[in-house]
1. Please list the non-local residues whose amide H lies under 5 Å from the amide H of MET46, H modeled 1.01 Å from N, same-chain partners needing a gap of 5 or more.
2. How large is ³J(HN,Hα), in whole Hz, for each residue of region 226-241 in order, when computed from phi with the Karplus curve 6.51 cos²θ - 1.76 cosθ + 1.60 and θ = phi - 60°, using x for Gly and Pro?
3. Across region 108-123, in residue order, what do the Karplus-derived ³J(HN,Hα) couplings come to in whole Hz, using 6.51 cos²θ - 1.76 cosθ + 1.60 with θ = phi - 60° and x for Gly and Pro?
4. Figure the gain on full extension for VAL32 and ALA193 (residue separation times 0.36 nm, minus the Cα-Cα span) and round it to one decimal in nm.
5. With every protein chain in place, what's the accessible area of GLU145 (1.4 Å probe, Å², nearest 10)?
6. Quick query: amide H of ALA138 versus all other amide H atoms, modeled in the peptide plane; which residues come in under 5 Å with a sequence gap of 5 or more or a different chain?
7. Solvent-accessible area of ASP36, probe 1.4 Å, all protein chains present, reported in Å² to the nearest ten, please.
8. Using amide H atoms built in the peptide plane, which far-off residues or other-chain residues are under 5 Å from ALA222 H to H?
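The values are calculated or read from the model by the stated rules, or taken from the named source; none is laboratory data. Here the structure is a predicted model, which means the values were calculated and not measured. Only protein heavy atoms, including side chains, enter the accessible area calculation; ligands, DNA and RNA are left aside. Shrake-Rupley method; radii C 1.70, N 1.55, O 1.52, S 1.80 Å.
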Amino acid sequence: MPDVGAPGAGTLVGVLGGVGPLATVLFMERVVRLTDAARDQDHVDMVVLQHATVPDRTAFVLGRSSDDPGPVLAADARRLAGAGAGFLVLPCNTAHAFAGAIAAATSVPLLSAVDVTVAAVLSCDAWTGRLSGPRPEAVGLLATEGTIASGVYTDAFGARGIKTLVPDVAGQATVTSLIYDSVKAGRGGDLTALDGVVANLRLRGAEAIVLGCTELSVAAEATPPGLLPDVVLVDALDELARATVLRSGRRLRAEGGSSTTAVDRDTHALSGCPERAWRHEGRPTSASKAGRTSTVS
């Protein structure tokens, strides 16, 4: 099972933010809303570096720019480590292609959004009441061209025997436009534009759809309820936020009024699949769960 590390209340979380800016703000909001807190002091301590001028990750990965984000992210990691961060988070999937540069810059560990998302897909509770098997054979990935080209998700899923399906050329153009022309450009947008892309991925065998770009998480916030009623969506930003709450030693606010700690979730998992916690907060049904999805890399 995924390891959330040694829980520690009061652990300072260092957020490598600004990539992109709105997604960072949404990540912080998710952490706050997911934390079981009755007062300010019950919340997660975070120091956020909203560094919006980090060079474009996709442009560098695709060879369209020589401006390397790696050294910039590494320097930011050192700054957050110097501020006392106990672990780092990076609410940008494409930027995980530079996780090696971050790891080389500081001994403070990075909580990987890729790892926690893959762990969520592998968790048997993601399929309770939905599929007969404990896990899918293939997932569909909605992400930037840079994330796809970097192989961070393809490699992670492939190592676990799961095939990663990506949109065709026309479908990827639609995904890219939503990310860059709509969300990043401040024009809004929701997942309605991706209805056909998702349908094509499912037709090709995808049993779950991974929102592998935090701008798509922003778009999901604005998506009308019920747009994709039969689709299992695994939102990387959701999974990273939940794992962050647990890793910091705080409790997750769960539906029904109960709360969950990292220890609670792992103990429960030993006896079988944890119960589902489907979320309907005005968004498409998500496979995000209330716990047990983080790996420190």
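1. Result for MET46 returns VAL13.
2. So the J values, rounded to whole Hz, are x, 5, 10, x, 10, 9, 7, 9, 10, 9, 4, 5, 4, 5, 5, 5.
3. 5, x, 9, 7, 7, 5, 5, 4, 5, 6, 4, 4, 5, 5, 6, 5
4. Numbers: separation 161, 0.36 × 161 = 57.96 nm, distance 2.90 nm.
Answer, rounded to one decimal: 55.1 nm.
5. Its heavy atoms expose roughly 60 Å² to the probe.
6. Placed amide hydrogens put LYS163, GLU207 under 5 Å from ALA138.
7. Its accessible surface works out to 50 Å², give or take rounding.
8. Distant-sequence amide H within range of ALA222: zero hits.
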